[in-house]
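Participant: Can you read through this structure? Questions will come right after.
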Amino acid sequence: MLDDDERPTSPVKLEGLSPLRIVLFVSLMVLTIVGVDTARYQLLEINVTVLPWLYHAGLFFFVLTALAVLLSWAMRQRLTYREPSWEFREREMSPSEYESMVREYTSSYLHLATSLDWPALSLSIISLVVGLAGPVVIASLSIYSLQAAPLIFGLSLLIYGLALSRFAYRAIPTAAGSEFATVGPRQLRAALRLLSENPAVSWWGVRVRIGHSEGYFVMRDVTPVGRIECLEGAGWVEIVMRVNRPVGARVVLQGVDEPVEMTDESDPARALNEALVRAVSTYVSWLDDTTALEDLLDDLGIRVSD
């Protein structure tokens, strides 16, 4: 039998988050109750000036922001990571298949990867605006609406705290964050559109290296790729990316000694077409019969002498 020190351990260890979640929930409830009580008194003076109200309400939101960020950071620090030995294999898949895989990947590794939850951030901003301005507007309508204004403030505080905690938790990196990062489908749309709009490309999708180890998997080297019409088995074309933007293309074909790469940040479509023309021209130069490639040559405007 193996000793405890010799037994394989999971590369990811996440300590319990329940105590911190309880602290966060209790803190939110206490701040909400105190905020409602404070609003009842501060809103009585809005007919004179709104500055005391903005000061006290802003103070509640400031404390809540610091609390949400601090506790979210503490939660993320409870994760430890040991890099395993990954076994990689390469796959090509359609854009829809890649999108489904990223969705599953993000859902499975939400506690590991870093991401920006824009809906949560938007909700927190809306709650902040409503919490500061809403009670003032409602309280100024009538003496009856004044009674509802503190409740609006308390509800805004609660929603703000929950939404901001969710955003902060996902945005703060973990020890494993860089290992489990991925490229979102939106970042590849422009590159895939380039491939789909070129008549010489018969298929387009995404190539990715997938590593497996100890029940986990990671994605590496995500690249938009396409297959060339009539030459699907002879090579491929891949889009060159810089800062998530397509800037050109690289074509790899059998018989062509080196990949043909062309870049043009202002016109990546032209760079793609030119790279295809150069690579295919070199490829057909040593063929005796190019009849099977007539459609491809016509698409690229290549003329072959008899």
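The numbers here are math on the coordinates, done by the rules we state, and not lab data. Computed from a predicted model, the values in this text were never measured in an experiment. Virtual Cβ from ideal backbone geometry, glycine too; neighbours counted across all protein chains shown.
Participant: For the chain, what is the calculated [θ] at 222 nm in deg cm²/dmol (nearest 500), taking -39500 (n - 2.57) for each run of four or more DSSP H residues and dividing by its residue count?
Facilitator: Values: 8 runs with 147 residues, N = 306.
Roughly -16500 deg cm²/dmol at 222 nm, from the helical runs in the chain.
Participant: Ranked highest first by average number of other Cβ atoms within 10 Å, how do 224-231, 188-195, 172-179 line up? All intermediate terms of the calculation are to be shown ahead of the outcome.
Facilitator: On the way: 224-231: 23.0, 188-195: 20.0, 172-179: 17.2.
Result, highest mean first: 224-231, 188-195, 172-179.
Participant: I need Y160, Y41, Y109, Y81 ordered by Cβ neighbour count within 10 Å, fewest first.
Facilitator: Numbers: Y160 27, Y41 12, Y109 21, Y81 18.
Fewest-to-most ranking of Y160, Y41, Y109, Y81: Y41, Y81, Y109, Y160.
Participant: Give a quick list of GluC sites (Glu not before Pro) in segment 92-168 that DSSP marks as loop, anything other than H, G, I, E or B, with at most 10 other Cβ atoms within 10 Å.
Facilitator: Working: sites: E92, E97, E99, E104; in loops: none.
Of the GluC sites (Glu not before Pro), not one in the loops of segment 92-168 has a Cβ with at most 10 other Cβ atoms within 10 Å.
Participant: Something else: Hey, can you grab everything whose amide H is under 5 Å from the amide H of S202? Only 5+ residues off in sequence or another chain; H modelled, so Pro and N-termini drop out.
Facilitator: Close amide H contacts, sequence-distant or interchain: R227, I228, E229.
Participant: Let me ask another. Would you please classify the overall shape of the chain from the alpha carbon gyration tensor, given that a ≥ b ≥ c denote the square roots of the eigenvalues, rounded means a/c under 1.5, and beyond that prolate means a/b larger than b/c while oblate covers the rest?
Facilitator: Details: a/c = 4.67, a/b = 1.99, b/c = 2.35.
It comes out oblate by the Cα gyration axes.
Participant: What FRET efficiency would be calculated for the residue pair S196, E87, taking the C-beta separation as r and a Förster radius of 25 Å, to the nearest 0.05? Mind dumping the intermediate values first?
Facilitator: Values: r = 32 Å, r/R0 = 1.30.
For R0 = 25 Å, the calculated efficiency reads 0.15.
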